[in-house]
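For reference, the structure is listed below as structure tokens.
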């Protein structure tokens, strides 16, 4: 197993006042030739949006875009006519395909909204744009990994046009869990949402990221109470 550790303070950072964003990979004004992506995982932004503010209508094409709310309410509108609210416990996905325009704004005038914005390069170009949103029970990931995304519409979670699998888990201190790679040649980018973990010989804390490759499985151990982690398995080619 090979790994590369990205400490939280090594991420790109942009504070626009209404938006405070940390970039695990090169994005907008942050360019790092050593941190362009992890395989087809192109963007992992850790965003906080002030009350009443947000991203105005803007276009995307040929990208799988996943939003994971961490706190607060996020209002989504898109060119298909859809308007919806997502909050912690929800998973949102858009296949931009031939082109879609959307906006994401804080639904509250007073409370900050925090969410992860994730972009995955698809394995099919120019598909029909689509949107999906699901609500999951956080109890289903207590001391275990819960699948929240896959390539298969019939499987648990949302699906995207890519051989990718995402899992979330919340663990008590000392709990161990084994992750099995779903597809040979894939790697996993682990991202700590809360607390601390150990994977292999690497210890990770709040908002650290760890790229893992050339492994068929690995074990993670929670080093703190109520520690939360997101695992993103993606093709490396």
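The table for this structure:
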item: Condition met for residue 226 (surrounded by 14 or more Cβ atoms within 10 Å (Cβ to Cβ), farther than 19 Å from residue 23 by Cα and either in contact with a helix residue (DSSP H, G or I) (Cβ under 6 Å, 6 or more places away or on another chain) or modelled with pLDDT of 95 or more (or both)); result: no
item: In region 36-49, the residues that are touching a strand residue (DSSP E or B) at 6+ places or on another chain (Cβ under 7 Å) and either surrounded by fewer than 18 Cβ atoms within 10 Å (Cβ to Cβ) or part of a loop (DSSP other than H, G, I, E, B) (or both); result: 39, 40
item: Checklist (1) assigned to a strand (DSSP E or B); (2) in contact (Cβ under 8 Å) with a residue 24 or more places away in the chain; (3) farther than 15 Å from residue 108 by Cβ applied to residue 14, failing item; result: (2)
item: Selection within region 155-171 - farther than 23 Å from residue 227 by Cα and outside any loop (DSSP other than H, G, I, E, B); result: 158, 159
item: Number of positions in region 129-154 that are part of a loop (DSSP other than H, G, I, E, B) and in contact with a strand residue (DSSP E or B) (Cβ under 8 Å, 6 or more places away or on another chain); result: 7
item: Search result, residues across region 81-99 that are surrounded by 20 or more Cβ atoms within 10 Å (Cβ to Cβ) and within 19 Å of residue 58 (Cα to Cα); result: 86, 92, 93, 94, 95, 96, 97
item: Per-region count, region 86-123, residues more than 17 Å from residue 65 (Cβ to Cβ), assigned to a loop (DSSP other than H, G, I, E, B) and under 18 Å from the mean Cα position of the chain (by Cα); result: 2
item: Test for residue 2: is it surrounded by fewer than 16 Cβ atoms within 10 Å (Cβ to Cβ), outside the structural domain of residue 150 (by TED's automatic domain parsing), over 19 Å from the mean Cα position of the chain (by Cα) and within 17 Å of residue 209 (Cα to Cα); result: yes
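The values are calculated or read from the model by the stated rules, or taken from the named source; none is laboratory data. Owing to the predicted nature of the structure, the values given are computational and were not obtained by experimental measurement. Counting neighbours? That spans all protein chains shown, and the Cβs are built from the backbone with ideal geometry, glycine included.
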